[in-house]
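This report refers to the structure that appears directly beneath it.
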Amino acid sequence: MSDVWNTEERVALRKVVRDFTEREIVPNLPQWEKDGELPRSLHKAAAAAGLLGIAFPEEVGGHGGSTIDNTIVTEEMLYSGASSGVMSGLFTHGIACPHIAQSGDAALIEKYVKPTLAGEKIGSLAVTEPEAGSDVSAIRTRAVRDGDHYVINGNKTFITSSTRADFVTTVVRTGDDPHHGISLIVVDTDTPGFSVVRKLDKMGWLCSDTGELAYVDVRVPASNLVGAEGSGFIQVAQNFAGERLGLAVHGYGVAQRALDLTVAYTKQRIVFGKPLINKQVVRHKLVDMTRAVDVARTYTHSVIERHIAGEQVFAEAAMAKNEAVEACMFVVNEAVQLHGGAGYMRDSEVEMHYRDARLLGIGGGATEVMNDLIAKALFG
């Protein structure tokens, strides 16, 4: 591992995150899972701890860190007992705000980005539709210019944090070209015609609210357009690598937590008079789990460093995601198995991670889509 991951400041950051997670998240997570959402107070607490804006520039209300700092926050939260669902719900601004921040639009930054990084607002990103997921060019939700406004009509689904959101950065169609006809518009959720049709029940990520949205003649000021009209596809695509690397961190982070829980359990679980970990078959299984986690983490770290250095890592980011997802699925499955009946109980932490992990190979681009993109990048 490169020394950039272990500077004095980053070692201190890990402790801050670990303390925050153990104090603010772990004791409350079971209740949040039952509630089906995170409280707004958690966003304010995370902002006060300096965690929400860690990788955003200071001029937009962030702390000027890098993707490495953001990765450390995710890693340490997951290692310390947070869930992938918590990370998704608490850090949704990581996909809702970057486009606005990168646009340089002072008014939009002041209205949406700064309050969100301060924990005062919650943002969401709406891309997926009933008939358009990984294929952004198939978006049908349409925004038509009408004087100083856009009028939006359409539907979105599987939208993270949308039932709590104050605004939704919405991917819309403003032209007929599959790619150059896509734009981004920020929609306040109290705008007439916008509604959360229903809150969706999921297999996992129970504490992360997910909604189905409807836009019926929603009039939005043209000034809420993010960047130039028709630039939405490029804006979304430019953040694909970062999003996929972030999900890779989720993957090996959850896997590491499940592995740690399993090692601890097998040490204290007595079977036939001896700790379970004394069994050779168990020890070998734990070795396989450890190897899978470490390989995924090491590869993801290397791709992140290249990404920060300005290299094009489109294929590598997708490979990192797939590698970490595969590692996570393997580890959480073995974790439940080694916990036995206890691992199958709903109040078991590894059971939660088992359910949560299933989404990682679907969200942010399905594994099969990633493989196809990798093949095109490598072989043409």
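The values are calculated or read from the model by the stated rules, or taken from the named source; none is laboratory data. What you are looking at is a predicted structure, and each value in this text was computed from that prediction instead of being measured. Note: ideal-geometry Cβ built from the backbone for every residue, glycine included; neighbour counts use all protein chains shown.
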Looking at (1) closer than 29 Å to residue 347 by Cα; (2) in contact (Cβ under 8 Å) with a residue 60 or more places away in the chain, which one does residue 10 not meet, given that it meets all the others? (1)
Elements of type strands (runs of 3 or more DSSP E) contained in region 177-231, each with 1 or more residues being surrounded by 20 or more Cβ atoms within 10 Å (Cβ to Cβ), touching a helix residue (DSSP H, G or I) at 6+ places or on another chain (Cβ under 6 Å) and at negative phi: 182-188
Determine if region 202-211 includes at least one residue that is charged (D, E, K, R) and closer than 30 Å to residue 25 by Cα. yes
Answer from 109, 100, 152 - the residue that is in a helix (DSSP H, G or I), more than 28 Å from residue 358 (Cβ to Cβ), touching a strand residue (DSSP E or B) at 6+ places or on another chain (Cβ under 6 Å) and modelled with pLDDT of 95 or more: 100
Just to be sure, is residue 51 assigned to a loop (DSSP other than H, G, I, E, B), in contact with a Cys (Cβ under 8 Å, 6 or more places away or on another chain) and modelled with pLDDT of 95 or more? no
Scanning region 87-125 residue by residue, the ones that are hydrophobic (A, V, I, L, M, F, W, C) and farther than 22 Å from residue 249 by Cα total 9
Any residue that is surrounded by fewer than 13 Cβ atoms within 10 Å (Cβ to Cβ) and in a helix (DSSP H, G or I) - is there at least one of those in region 348-371? yes
Scope region 110-132; condition among the β-branched types (Val, Ile, Thr) and closer than 18 Å to residue 41 by Cβ; matching residues: 116, 122
Any pair with Cβ under 7 angstrom, 6 or more apart, that starts in region 348-376 at a residue that is assigned by TED's automatic domain parsing to the domain that holds residue 204 and more than 19 Å from residue 136 (Cβ to Cβ) and ends at one that is surrounded by 18 or more Cβ atoms within 10 Å (Cβ to Cβ) and modelled with pLDDT of 95 or more: none
Test for residue 16: is it buried (at least 17 other Cβ atoms within 10 Å of the Cβ) and over 21 Å from residue 308 (Cβ atoms): no
Return yes or no: is residue 228 farther than 30 Å from residue 284 by Cβ and at pLDDT 95 or above? yes
